[in-house]
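Just so you know, all these numbers are worked out from the coordinates, no wet-lab data involved. This structure is a prediction, so every number in the text was calculated from the model and none was measured. Cβ placement follows ideal geometry from the backbone for every residue including glycine, while neighbour counts extend to all protein chains displayed.
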Amino acid sequence: MDIENQGSQIFIKVSSKRLADEYALLLTSLSIPVSVLHYEHSWSIGVNVENYPLVIQEIEKYEKDGRIERHKSRFDHINFQNIDKFQFFGVFIALALFHFFRVYYPELNIVRLGRSSASAINEGEWFRAVTALTLHSGVRHLSSNIFFGGIVVFSLSSLVGTGKAWFLALLSGFLGNMMNAWYYGSAHNSIGASTAVFGVVGILGGLQFFSNFRERKMFAWLPFAAALAMLAFLGSSLRTDVLAHFFGFVAGVPIGLVTGKIYSTRKIEGTVVQNILFISSAMIVFICWTIAFGFF
């Protein structure tokens, strides 16, 4: 066993983080102080010099008698993704900054240029289905979308990655606004990211039909029913565009089903693809706004 003596502590090198955690769990259960350290691609457990003989004795006994059978979490089978903090918070910060820019420069008529106008969309101005997602009527409207959007996008990001989560949110919001415009035909305007927020709720509901995205013992329809309840509870206020929320949810469900089907047999892509999807989403929004301002 490879060891390193550093004053009052001895560091025992192990082959993996999993083994270091197992040894730490064993020693902690015996009330032996222990620390787990990671240094230059190697793992070590640190113990006091006076405890070293007992530590070696317990580890050898542990290896001889068999590993501890630890309690398995109901979510061990889910491959949770790391949240990219820059991507996650960056979008909300950008939405807030854009809102205050719009308020500070009312002469630009940004709302008129970018709102989801049913008549304009049906006449070919499809970009409004994207630009409307970035517009809000006031701080309260913005804050509520950031709050609830943060909850659902965080949940989706933990399952499929942050870049992919934002890309799918944008796609569901776009499709939801398109369906809303087609339904009304004309004489209807709307703004807000809530269509995309409820699109993500639909995506999460769709993902729950696949066991690798939910607790194994839970029936698929239970979390989907919870998603429907969330739509009914949060998306049906008299002051909201109920159908925009509904169509966002409707657009999100098949996206969730397709995504769940694809990633039932393959791994979620890594950092490079996540970054590409995030940048692509940002570029789509940017291009749509350049069209709205008449640069194309």
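Per-structure values
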| read-out | value |
| --- | --- |
| Tilt relative to the chain, helix 194-207 - C-alpha long axis, 0 to 90 degrees, to 10 | 50 degrees |
| Choice from HIS38, HIS136, HIS188 showing the highest fluctuation, given a GNM over the chain with Cα pairs closer than 10 Å | HIS38 |
| Helix 242-262 vs. the chain, principal-axis angle (Cα, 0 to 90°, nearest 10) | 40 degrees |
| Estimated [θ] at 222 nm from DSSP helical runs (n ≥ 4, -39500 (n - 2.57)) normalised by residues in the chain, nearest 500 | -19500 deg cm²/dmol |
| LEU108 versus TYR62: modelled label distance in nm, points set 7 Å from Cα along the beta carbon direction | 6.0 nm |
| Computed FRET value (nearest 0.05) for ARG18 with THR265, which takes r as the C-beta separation and R₀ as 30 Å | 0.75 |
| Restraint check, LYS164/LYS261; LYS85/LYS164; LYS17/LYS61; LYS17/LYS85; LYS13/LYS61; LYS85/LYS261, Cα-Cα greater than 22 Å | LYS17/LYS85; LYS85/LYS261 |
| Hz values of 3J(HN,Hα) by residue in the range 284-296 - Karplus curve (6.51, -1.76, 1.60), Gly and Pro given as x | 4, 4, 4, 5, 4, 6, 5, 5, 4, 7, x, 7, 10 |
| On Cα atoms only, tilt of 221-234 relative to the major axis of the chain in degrees | 50 degrees |
| Over the chain, relative contact order from alpha-carbon pairs under 8 Å, at least 6 apart, % | 17 percent |
| Of the trypsin sites (Lys or Arg not before Pro) in the range 237-296, those whose Cβ has at most 10 other Cβ within 10 Å and which sit in DSSP loop | ARG239, ARG266, LYS267 |
| Leading residue at positive end of dipole, the range 44-187 (Cβ point charges), from LEU97, TRP182, TYR62 | TRP182 |
| Residue exposure sequence - ARG102, ARG140 - by fewest surrounding Cβ within 10 Å | ARG140, ARG102 |
| Computed FRET value (nearest 0.05) for THR290 with SER137, which takes r as the C-beta separation and R₀ as 35 Å | 0.90 |
